[in-house]
Amino acid sequence: MSPLKGKNAIITGGGRGLGKATALAFAKEGINVAITGRNEERLKQTVEELTALGVKATYAVFDVVDKPAVHTEIAKVIDFLGGIDILVNNAGISEFGKFVDMPADRWEEILLTNVMGVYNVTREVLPHLIQQNEGDIFNVASTAGLNGNPTTSAYSASKFAVIGLSESLMKEVRKNNIRVCTLTPSTIASDMSIELGLTDGNPDHILQPEDFAELLVATLKLPRRAMLKTASLWTTNPV
Ligand SMILES: NC(=O)c1ccc[n+]([C@@H]2O[C@H](COP(=O)([O-])OP(=O)(O)OC[C@H]3O[C@@H](n4cnc5c(N)ncnc54)[C@H](OP(=O)(O)O)[C@@H]3O)[C@@H](O)[C@H]2O)c1
């Protein structure tokens, strides 16, 4: 039996891409899962797939930038699950454009979603983990949070910020037996990266969302005395 069976997880942005793959991988380990996002249809469909794997599953519809909605909905899903052990801060948006070309509102939206989204959700979940003196948080940054490049100013600024937030939090709460892991994956064939034209998604040449999910499951299975601080998942031999 999986050592993770019966744990409870929240995954933001769980209706598609890396978040959905993670939700399915968690459910296969017997982890009960709540997924969140703005597109109710996709969330509903994913919850059906999760429930079919034999775990408790639910969804909540909210924008991670909307603090009051985050407060209300996170409380509801924790109540439904009967507690919380794992948070995956995965929801995020990406768009590339020259500094002077990207509209200021869009630049700000990328920052708010990717940074304040992580803050808002963590703010609601963390007190529960501190109270039970155990937990796991994954913050999904990107290789774009390690290096800036032409046209990535908004996305890179947001992901650099996620890395700073995440490392600080890790150092603050490891005393509470909470493992905070910062992930900086390279391109993975998700809906987002295919829509952006970053990859054709060919599984022979490019990381798949399931590979990302496998890393999270393996990380959770480490003995509790051990934690993965950061991880960059790369495609072995991209074409
Ligand atoms: N794919 C890659 O190559 C790659 C590489 C490195 C890092 N990442 C990071 O990995 C994470 C997942 O990316 P992905 O490729 O799986 O993208 P994706 O397919 O576009 O999925 C992103 C998810 O985030 C949710 N989301 C976006 N904005 C939101 C908001 N304001 N409020 C609530 N939910 C929101 C979306 O749900 P709704 O549409 O339902 O709101 C969606 O489920 C992101 O943080 C991304 O930056 C991706």
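Descriptive notes on the structure:
- Amide hydrogen proximity for residue 180: with H placed 1.01 Å from N in the peptide plane, the residues at 5 or more positions away or on another chain lying under 5 Å are 137.
- For region 19-85, projected area of the alpha-carbon convex hull averaged over all directions, nm²: 4.2 nm²
- Inter-part distance, region 213-239 to region 106-124, computed on C-alpha centroids, equals 24 Å.
- Semi-axis lengths (Å, descending) of the ellipsoid that matches the C-alpha gyration tensor of region 108-239: 27, 19, 12
- For q = 0.18 Å⁻¹, Debye-computed log10 I/I(0) when each Cα of region 8-233 counts as one equal scatterer: -1.45
- Exposed-site-free run, longest, the chain (rule: trypsin sites (Lys or Arg not before Pro); DSSP loop; at most 13 other C-beta within 10 Å): 99-220
- Its Cα centre serving as origin, the chain has a Cβ charge dipole (Lys and Arg +1, Asp and Glu -1) of approximately 940 debye.
- Note on region 8-233: Lys pairs 8 or more places apart or on different chains, Cα atoms under 15 Å apart, count 10.
- The chain: DSSP helices with Cα axial extent of at least 27 Å and average Kyte-Doolittle hydropathy no lower than 0.0: 153-173
Here, each number is a calculation from the coordinates, and none is a lab measurement. What you see is a predicted model; the values in this text were computed from it and never measured. Here Cβ is always computed from backbone atoms with ideal geometry, including for glycine, and neighbour counts include all displayed protein chains.
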